[in-house]
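Visitor: Okay, handing you the structure first.
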Amino acid sequence: RYYDRFDKKQIRVYLNEDMKKDAPGVLKDIFGFLEVDDSYMPDTSVSYNEGGVPKRKLLNTVLTRPSIVKRLLRPLMPAAVMKFYTELKHSNLDKPPLDAEVRARLVGLYRDDVLRLQDMIGKDLSGWLKV
């Protein structure tokens, strides 16, 4: 629908996999496209809202359960402690691989959409269709 309402030159589509490969390059391109200062480079070394299955459930509960104590202490914690807390939370997550049968079913289900998107944005998405 965006392509119906806006000139194609006004639209940019960025893929998460490109951001993972070259975050500074993608951000520089975004800033250039938006015509804003491209000399600023945010810290992209930290991942937020990572998903996964907890390796140690008790540790996950302690780290993620809301608590008045945590909420009160958070502003007082040094940056190094907060960084350690975030790294500990992320290191406790396991990312199990997608079952091959499920992947094959999903690829079949979304094949036409992926091919349309590929044509629309002019990027090779054939890797998304590998089973």
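Visitor: Say we look at the range 1-14 and pick out the residues that are in a loop (DSSP other than H, G, I, E, B) and closer than 15 Å to residue 119 by Cβ; which of these is least open to solvent (accessible area, probe 1.4 Å)?
Guide: Step one: filter the range 1-14 for residues in a loop (DSSP other than H, G, I, E, B), giving 1, 6-7, 11-14.
From what is left, the residues that are closer than 15 Å to residue 119 by Cβ are 11, 13.
Details: 11: 36, 13: 53 Å².
Out of the qualifying residues, it is 11.
Visitor: Need the failing condition index for residue 29 against (1) assigned to a loop (DSSP other than H, G, I, E, B); (2) modelled with pLDDT of 90 or more; (3) acidic (Asp, Glu), just the number.
Guide: The one condition residue 29 does not meet is (1).
Visitor: Taking the criterion of being surrounded by fewer than 13 Cβ atoms within 10 Å (Cβ to Cβ) and over 30 Å from residue 131 (Cβ atoms), would at least one residue in the range 89-108 satisfy it?
Guide: Yes, because at least one residue in the range 89-108 is surrounded by fewer than 13 Cβ atoms within 10 Å (Cβ to Cβ) and over 30 Å from residue 131 (Cβ atoms).
Visitor: Further, regarding this structure: Write out, first by first residue and then by second, each pair whose Cβ atoms fall under 8 Å of each other, whose residues are 6+ apart or on separate chains, and whose first residue, in the range 5-19, is closer than 13 Å to residue 124 by Cα and without any contact (Cβ under 8 Å) to a residue 60 or more places away in the chain while the second is open to solvent by 100 Å² or more (accessible area, probe 1.4 Å) and in a loop (DSSP other than H, G, I, E, B).
Guide: none
Visitor: Being under 30 Å from residue 8 (Cβ atoms) and modelled with pLDDT under 90 narrows it down to one residue among 48, 110, 40; which is it?
Guide: 40
Visitor: Continuing with this model, one more query. Could you list all residues from the range 71-116 that are out of contact with any helix residue (DSSP H, G or I) (no Cβ under 9 Å at 6 or more places or on another chain), part of a helix (DSSP H, G or I) and within 22 Å of residue 57 (Cβ to Cβ)?
Guide: If the condition is that a residue be out of contact with any helix residue (DSSP H, G or I) (no Cβ under 9 Å at 6 or more places or on another chain), part of a helix (DSSP H, G or I) and within 22 Å of residue 57 (Cβ to Cβ), then 84, 86, 87, 90, 91 are the ones that fit.
The values are calculated or read from the model by the stated rules, or taken from the named source; none is laboratory data. Note that the structure is predicted; figures quoted are calculated from it, not measured. For neighbour counting, all protein chains shown are included, and Cβ atoms are generated from backbone atoms with ideal geometry for every residue, glycine included. Note: accessible area is taken over every heavy atom of the protein model, side chains too, but ligands, DNA and RNA are not part of it. Shrake-Rupley method; radii C 1.70, N 1.55, O 1.52, S 1.80 Å.
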